DNA sequence: CAGCATCCGCTTTGATACTG
DNA sequence: CAGTATCAAAGCGGATGCTG
């Protein structure tokens, strides 16, 4: 393993998880739970399969992930994060916080997975009315619908459609994410092609940072 | 610039500061302030000079650093962090936090700069008696002496010797850092070659996590 | 000397094909 | 499904040379 050879905690961390793709693998496991090899690869368009195999082996050696034979009837190996790997959540969050402003400059052509609305939802949304009734917003962008749920003061995101959403956000990722993050106003976004159903105020309940 | 091509804040951040050496350059500027090209290179043993020039240009393009002609009599260009670059402090801190446990496994041969005692000092020390008299500890390891100062409830680290330190820590980096981080007891460390002067209890005042 | 640019040998990466 | 094998291209590290 290539190393910086410095007695410094930052350099040591980068020795271990600073290689290309490593943190994105961790992101996949943090966001989606234990995954199969193929699932990870599908989440990382452009990764070479041999390189993915290498990275998984390295991450296993340093104790970030662990492979486990899934019980029947799955009969495949699942890649899990170890507790030590879970601790990378704060690292991923810090990097994602810092990188969020860069999304605005994206011109398109970037791959997008609907799973990723979890990030802006987790970073920018908060239930400002925790005592209010449960709230569900269906988000349709990318490959599959996602649902943002607010209940008991916390905001959660999960895949799948929902029965009677209080609002529906549909359109290209940039607009959807822009609206969720409060970077684009709802009126601007709808004028630029966003489809919105439901009471516009329900979104406002979740956007304390939108001003 | 090579890019992951993903519409994801983590991927975007890694596109920009995920290349080899980039975050270590930021570390140098975060820890030591504006620096000359040569100073940065000296802080990064092993970096190829053309690669350093490349990285500095890239970091400048993405708005992380800024080069500025220093006023006379210095007559050289200084590399500064921009406000956007300063925001990487939380990223560096998260990574350093995560990487700190890896220092224990280091076998030696790693480069060490005395500047780096700032990290364990900042991470593991806290003034448990903010109303007490000011406290200074001189640390002698690596190339130059450092001083850890506690006053008004905060702990600061700066280079240079001091006049009448309450304690002196001298010896190899692993022992010095181990003691500061509370991972090695003072008695163990002195038995293994650490030189300690002064009242042993002064160190205890700064180590709330040492137990 | 400070701040690079050029060249060269080596390693890593990315794309594709193939296998148990 | 979960990789290994192969190979061209890009990136990296080290040495050296150039310019103010």
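The values are calculated or read from the model by the stated rules, or taken from the named source; none is laboratory data. Just so you know, these numbers come straight off a predicted model, no measurement behind them. With ideal geometry, Cβ positions are generated from the backbone for all residues, glycine too; neighbour counts draw on all protein chains shown.
For residue A:73, the test of being over 14 Å from the mean Cα position of the chain (by Cα), more than 29 Å from residue B:102 (Cβ to Cβ) and either surrounded by fewer than 17 Cβ atoms within 10 Å (Cβ to Cβ) or in the same structural domain as residue A:176 (by TED's automatic domain parsing) (or both) is passed.
Looking across B:71, B:120, one residue alone is more than 16 Å from DNA strand D (Cβ to nearest atom) and under 19 Å from residue B:203 (Cα atoms). It is B:120. Of the helices (runs of 4 or more DSSP H) lying entirely inside the range B:1-77, those containing at least 1 residues that are more than 14 Å from chain A (Cβ to nearest Cβ), free of Cβ contacts under 8 Å to residues at least 12 places away in the same chain and under 27 Å from residue B:142 (Cα atoms) span B:37-43, B:49-61.
Put simply, of B:13, B:48 the only residue that is more than 18 Å from the chain's Cα centre (by Cα) and modelled with pLDDT of 95 or more is B:13. Taking the criterion of being free of Cβ contacts under 8 Å to residues at least 60 places away in the same chain and surrounded by 13 or more Cβ atoms within 10 Å (Cβ to Cβ), the residues of the range A:120-143 that qualify are A:121, A:122, A:123, A:136, A:138, A:139, A:140, A:141, A:142. Is it the case, given these coordinates, that residue B:111 is farther than 24 Å from residue A:90 by Cβ and within 14 Å of chain A (Cβ to nearest Cβ)? Yes. Here B:44, B:103 are screened, and the one residue that is assigned by TED's automatic domain parsing to the domain that holds residue B:24 and either away from DNA strand D (no atom under 16 Å from the Cβ) or touching a helix residue (DSSP H, G or I) at 6+ places or on another chain (Cβ under 8 Å) (or both) is B:44. Of the residues B:53, B:75, the single one that is in contact with a strand residue (DSSP E or B) (Cβ under 9 Å, 6 or more places away or on another chain) and within 10 Å of DNA strand C (Cβ to nearest atom) is B:75.
Only one entry in B:28, B:58, B:68 is more than 28 Å from residue B:123 (Cα to Cα), within 24 Å of the chain's Cα centre (by Cα) and more than 11 Å from DNA strand C (Cβ to nearest atom), namely B:58.
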